[in-house]
1. Grab the Cα-Cα distance for residue 73 and residue 53, subtract it from 0.36 nm times how many residues apart they are, and report the gain in nm with one decimal.
2. Counting every Cα pair in the range 41-110, what percent are over 17 Å apart?
3. For residue 96 paired with residue 29, estimate the spin-label separation in nm (one decimal), with each label point 7 Å from Cα along the Cα-to-Cβ line.
4. For the pair residue 115 and residue 61, how long in nm is the line joining their label points, each one 7 Å along Cα→Cβ?
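Readers should treat all values here as calculations from the given coordinates under stated rules, not as data from a laboratory. From a predicted model like this one, the values you see are computed outputs, not experimental measurements. Note that each Cβ is placed from the backbone with ideal geometry, even for glycine, and that neighbours are counted across all protein chains shown.
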């Protein structure tokens with residue numbers, strides 16, 4: 001066992017990146033189903049924008065506990081929607097204490113998002 005220590009130390013020193021952080025080792029095995037999926041071209045353009053909007057809408061709807069189609073500050077807090085929490089007052093242009101998904105999209109567009 002003592003002879004293994006230098007080998008282990010050498011191996012771990014090789015795993016260090018230039019910044020001193022350990023490199024992440026990935027499992028080389030890729031299941032066949034994943035291999036097929038990875039050959040698809042990445043989503044881009046309008047399809048990607050639609051996908052992003054759909055995921056954002058799903059998170060927004062999940063946070064909408066009352067089902068009113070809008071979020072209160074407390075609902076955003078409970079759902080851990082940090083971005084909405086940080087910019088809630090700016091998004092709430094009507095000063096109603098609630099933010100709709102359209103308010104969120106409008107705010108993102110003013111910041112350069114293509115949603």
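1. Working: separation 20, 0.36 × 20 = 7.20 nm, distance 2.10 nm.
Separation in residues times 0.36 nm, less the Cα-Cα distance, equals 5.1 nm.
2. Of the Cα pairs, 41 percent sit more than 17 Å apart.
3. 5.4 nm
4. Placing both labels 7 Å beyond Cα along the Cβ direction yields 1.5 nm.
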